[in-house]
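Asks: Pasting a structure below so you can have a look.
The values are calculated or read from the model by the stated rules, or taken from the named source; none is laboratory data. Treat the numbers as computed from the prediction; the structure is a model and nothing was measured. Glycine also receives a Cβ, built like all others from the backbone with ideal geometry; neighbour counts cover every protein chain displayed.
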Amino acid sequence: MYYFISDEHYGHKNIITYSNRPFRTIEEMDETLISNHNSLVTDKDTVIHAGDFTLFHQAGKYISQLNGHHFFIRGSHDYWLKGSNVHEIWERNIDGHYIVVCHYAMRVWPRSHYNSWLLFGHSHGKLPPIGKQHDIGVDNNNFYPVSFKQIITIMNQRPDNPNFIKKRRKK
């Protein structure tokens, strides 16, 4: 099973105020995020983190507490991600659905003209989606990761992408 999440901001005190999160302390926020994550994700699952995991170089401390196999996309605060294995975008075909994951929302994205899906973060629930998009940030999803099954349900309710090329019927 795949899970998608963004903008956890582990250890980031100011995010509580900036995003009006319902936590009194960093510890309460971190513990809630870890508990919510582990209540859904097993060690067999794959978790795609779409940026802003943590500001600091304590990423290993948090990763070690989280279930699942983790893939990280660089966000605007992921200074701890270094080297040639750092990614800005993740693309996969899962069960016939082409999915693009990026920290930032885009107007068009790979295969959007074929109605591919874009999962993004960065906006903390304040940017309305267009077409087949969904904000996977924790602030937009009750501080939980979003399962692939949930994404299917969400996208089935979303309109086509603005640049979707509908196939013409042969006469």
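Asks: Which fully enclosed helices (runs of 4 or more DSSP H) of the range 13-63 have 2 or more residues being in contact (Cβ under 8 Å) with a residue 12 or more places away in the chain and closer than 19 Å to residue 87 by Cβ?
Replies: 59-63
Asks: Where residues in the range 123-147 are surrounded by fewer than 18 Cβ atoms within 10 Å (Cβ to Cβ) and among the hydrophobic types (A, V, I, L, M, F, W, C), which of them is nearest to residue 73 (Cα to Cα)?
Replies: Among residues in the range 123-147 that are surrounded by fewer than 18 Cβ atoms within 10 Å (Cβ to Cβ) and among the hydrophobic types (A, V, I, L, M, F, W, C), the one nearest to residue 73 (Cα to Cα) is 127.
Asks: Failed condition for residue 5, given (1) under 27 Å from residue 129 (Cα atoms); (2) surrounded by 13 or more Cβ atoms within 10 Å (Cβ to Cβ); (3) without any contact (Cβ under 8 Å) to a residue 40 or more places away in the chain, with all others met?
Replies: Here residue 5 clears every test but (3).
Asks: Here's something else I'd like to know. Criterion first (out of contact with any strand residue (DSSP E or B) (no Cβ under 9 Å at 6 or more places or on another chain), closer than 30 Å to residue 22 by Cβ and surrounded by 18 or more Cβ atoms within 10 Å (Cβ to Cβ)) does residue 120 satisfy it?
Replies: For residue 120, the condition - out of contact with any strand residue (DSSP E or B) (no Cβ under 9 Å at 6 or more places or on another chain), closer than 30 Å to residue 22 by Cβ and surrounded by 18 or more Cβ atoms within 10 Å (Cβ to Cβ) - is not met.
Asks: From the list 123, 116, exactly one residue is over 25 Å from residue 15 (Cα atoms), touching a residue at least 12 places away in the same chain (Cβ under 8 Å) and among the small types (Gly, Ala, Ser). Which is it?
Replies: 116
Asks: A follow-up question, please. Is it the case that residue 78 is surrounded by 17 or more Cβ atoms within 10 Å (Cβ to Cβ) and not hydroxyl-bearing (Ser, Thr, Tyr)? Quick ask: steps written out before the conclusion?
Replies: Numbers: surrounded by 17 or more Cβ atoms within 10 Å (Cβ to Cβ): yes; not hydroxyl-bearing (Ser, Thr, Tyr): yes.
So residue 78 fits the description; yes.
Asks: Specify which of the listed residues (94, 99) is touching a residue at least 40 places away in the same chain (Cβ under 8 Å) and either touching a Lys or Arg at 6+ places or on another chain (Cβ under 8 Å) or of a type in the set (Ser, Thr, Tyr) (or both).
Replies: 99
Asks: Considering only the range 92-113, I want to know if a residue exists there that is at pLDDT below 95 and surrounded by 13 or more Cβ atoms within 10 Å (Cβ to Cβ).
Replies: no
Asks: Name every residue in the range 81-91 that is among the basic types (Lys, Arg) and either buried (at least 19 other Cβ atoms within 10 Å of the Cβ) or in contact (Cβ under 8 Å) with a residue 40 or more places away in the chain (or both), in order of residue number.
Replies: none
Asks: Under the condition of being small (Gly, Ala, Ser) and loosely packed, with under 15 Cβ neighbours inside 10 Å, which residue from the range 47-75 is farthest from residue 34 (Cα to Cα)?
Replies: Step one: of the range 47-75, the residues small (Gly, Ala, Ser) are 50-51, 59-60, 64, 68, 75.
Narrowing the set further to residues that are loosely packed, with under 15 Cβ neighbours inside 10 Å leaves 60, 64.
On the way: 60: 13, 64: 10 Å.
This residue is 60.
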